[in-house]
1. So, residue A:254, is that one more than 17 Å from residue A:74 (Cα to Cα) and surrounded by 13 or more Cβ atoms within 10 Å (Cβ to Cβ) or not?
2. Just give me the residues in segment B:87-112 being at positive phi and either exposed (fewer than 15 other Cβ atoms within 10 Å of the Cβ) or more than 10 Å from chain A (Cβ to nearest Cβ) (or both), in sequence order.
3. Name every residue in segment A:1-22 that is at the interface with another protein chain (Cβ under 9 Å from one of its Cβ atoms) and not in a helix (DSSP H, G or I), in order of residue number.
4. Give the number of residues within segment A:155-208 that are surrounded by 11 or more Cβ atoms within 10 Å (Cβ to Cβ) and under 20 Å from residue A:219 (Cα atoms).
5. For residues that are crowded, with 19+ Cβ neighbours inside 10 Å and facing chain A (nearest Cβ under 9 Å), scanning just segment B:113-125, find the one that is modelled with the lowest pLDDT.
6. In this structure, is residue A:69 at pLDDT 80 or above and away from every other protein chain (no Cβ under 14 Å)?
7. Residue check: is residue A:140 at pLDDT below 95 and either closer than 21 Å to residue A:4 by Cα or surrounded by fewer than 19 Cβ atoms within 10 Å (Cβ to Cβ) (or both)?
């Protein structure tokens, strides 16, 4: 943990440059370039809004906002993992030639997605205004779940990036795990739809507490219970400590397997 | 500046020290092609790897200001040795001590990203070697001048010729003012003019009291530029001393082989 903070701070310029590189490479050779970071979530929202306000109508008012308030953080989580699972293997040529603290790679991969997440709140806010949904003051609370989500994502990233070095199957398994996890998490539905006697199973899902905070703040204009906030940070730090410990334990062997 | 005067004060102290270093690699002989084969192997307790020491119980001390040539046939452990010194590998056994900033020129454009421009790569490469953004910005212009790649500096690296990439890599590694420079065969790529420029710079490095570790198959270069040479064979040093003597010893070892081919 301490090691993570220390090397992140010492190599902050490198991490920032790597994250920017990631974004630059992602949007290179496209006419609109960096604008896609904004346009992508905006267009996705447009599609979802049209689908759920005309074709599939739910009894939930402003369903698009209900959905997107959780879908945006989920997209950050799944995209971070999707990109970062490859962050050690993908930088293998570099790791084989330059001595560099390996932790900078997962941190940079997550950072580049944080930039995307933050940018996606802009079209989200526009959508809230456009649909006439109340713009709650609880938006101010959002930095708290964002922080908890980053901690959780970084921990998971460290774990999967390490595992993928030794078993390349991990990247493929991860795709399946993420899509199952998506349906297991109340994103397109609400936990209220789940029969009461089954809800305890859903409460074992470590990401449920943090995404709940997003939905409450954006859609309902409420703040989560302190126990839920505590649970979201507890899950985050457990993931980070385990993920980081595994990463640091095996980092010296990466060079032989990439 | 204080580091510079420190270096001069203790002119001949050791900056690279390896004590009984062994680097073991696990070589997987064949990968099982199917799940069935994995199970078959598992139940028959077949071992499908063997261990191989690329560097075997090697000790070496390099004083500051020395230009050390490392020679030996392919697979003798030269590159592995440099990678241990550069901190890329953590050795299986033994101790490694390296003092001062080290610039590795291990393979062509290590750390270059092909989609990024030359200018962006200068910054990224410098940061990877542990320099700050401000330091790299200050040196950017002289790096571009030394590499001599003109307007290409703002084009993606993937459009560069291999010679241009080497020139840029060499310029970045040497312009950042390291204490130790590690050069692994990369200079073979550039044209004669650039090679002369590189050796002029390497000689300047030596005059400034810096340490250079130099791997090459070009024996005249070793004899001409190095202060000392070591000959590696199967991961051990089998000769260490005057470049001319080590080179002729190496030639005496390889000559019978060449005669056999004829």
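The values are calculated or read from the model by the stated rules, or taken from the named source; none is laboratory data. Computed from a predicted structure; not experimentally measured. FYI the Cβ positions are ideal-geometry reconstructions off the backbone, even for glycines, and counts take in every protein chain you see.
1. Yes; evaluated as a whole, the condition is true for this residue.
2. B:87, B:94, B:100
3. The one that is at the interface with another protein chain (Cβ under 9 Å from one of its Cβ atoms) and not in a helix (DSSP H, G or I): A:11.
4. Residues flagged as surrounded by 11 or more Cβ atoms within 10 Å (Cβ to Cβ) and under 20 Å from residue A:219 (Cα atoms) within segment A:155-208 amount to 11.
5. B:113
6. yes
7. Yes: the conditions hold for residue A:140.
Residue by residue, here is whether (1) more than 17 Å from the chain's Cα centre (by Cα); (2) modelled with pLDDT under 90 holds:
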site	(1), (2)
A:182	no, no
A:188	no, yes
A:193	yes, yes
A:202	yes, yes
A:209	no, no
A:220	yes, no
A:224	yes, no
A:230	yes, no
A:236	no, no
